[in-house]
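Novice: First, the structure itself, so that you have it in front of you.
The values are calculated or read from the model by the stated rules, or taken from the named source; none is laboratory data. In this text the structure is predicted, and so the values were computed from the model without any measurement. All Cβ positions, even for glycine, are placed from backbone atoms using ideal geometry, and neighbour counts span all protein chains on display.
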Amino acid sequence: MWYNSGMRNRKAFTLIELMLVVMIIATLAALVIPKFTGRAEQAKVTAARSDIVANIPTALDLYELDNGFYPTTEQGLAALRTQPTSAPVPPKWTGPYLKRKSIDPWGNPYLYESPGKHNPDAYDLYSYGKDGVEGGKDDIGNWEEE
């Protein structure tokens, strides 16, 4: 009998204690992980907005400054990386104006129209955002006001 009671006092974790620790860790993870996920998505939106209002427009403005016009819709943003061969052929193309392809943070190409529907004197530059579908709340365009 003396040895049986000694077995009960051994120093080890019980299944209940281990389950309690796992539940506490799972609860903390459930609170913390969504905050990091939200930050990642917010960072992607910020990066797309930066591309649409600053990075790509700078390249487009340099193209226009050199050639007197923006690339056509058909030539697209590819005209910033390789010299277009379709009309109007840019007479003083000194590119590439962009070093990388114009891909949004969600892996979709940025969309470009010239002349634009929203900016008829220039161009529309936009992304359909995370869902990749036109008309969603996550669409980002160069005609939107912050």
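Novice: Specify the residue that is surrounded by the fewest Cβ atoms within 10 Å (Cβ to Cβ); the eligible residues are those in segment 13-63 that are farther than 30 Å from TYR97 by Cβ and among the charged types (D, E, K, R).
Specialist: Checking each candidate, the answer is LYS35.
Novice: Which residue is surrounded by the fewest Cβ atoms within 10 Å (Cβ to Cβ), if the candidates are limited to segment 82-119 and must be within 25 Å of LYS130 (Cα to Cα) and touching a Pro at 6+ places or on another chain (Cβ under 7 Å)?
Specialist: ILE103
Novice: Only one residue in LEU65, LEU125, LEU80 is in contact with a helix residue (DSSP H, G or I) (Cβ under 9 Å, 6 or more places away or on another chain) and over 14 Å from GLY141 (Cα atoms). Which one?
Specialist: Checking each option against the conditions leaves just LEU80.
Table: residues versus (1) aromatic (Phe, Trp, Tyr); (2) out of contact with any His (no Cβ under 6 Å at 6 or more places or on another chain); (3) at positive phi; (4) modelled with pLDDT of 95 or more.
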site	(1), (2), (3), (4)
TRP2	yes, yes, no, no
LEU18	no, yes, no, no
ILE52	no, yes, no, no
TYR97	yes, yes, no, no
GLU113	no, yes, no, yes
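Novice: Looking only at segment 78-117, which residues are within 18 Å of ALA48 (Cα to Cα) and of a type in the set (Lys, Arg)?
Specialist: Matches in segment 78-117: LYS99, ARG100, LYS101.
Conditions (1) in contact (Cβ under 8 Å) with a residue 12 or more places away in the chain; (2) closer than 16 Å to ASP139 by Cα; (3) in a loop (DSSP other than H, G, I, E, B), marked per residue:
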site	(1), (2), (3)
ILE52	yes, yes, no
PRO57	yes, no, no
TYR70	yes, no, yes
THR85	no, no, yes
LYS92	yes, no, yes
PRO96	yes, no, yes
HIS118	yes, yes, yes
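Novice: Which ones in segment 120-146 are at positive phi and either surrounded by 11 or more Cβ atoms within 10 Å (Cβ to Cβ) or aliphatic (A, V, I, L, M) (or both)?
Specialist: Correct list: GLY129, GLY132.
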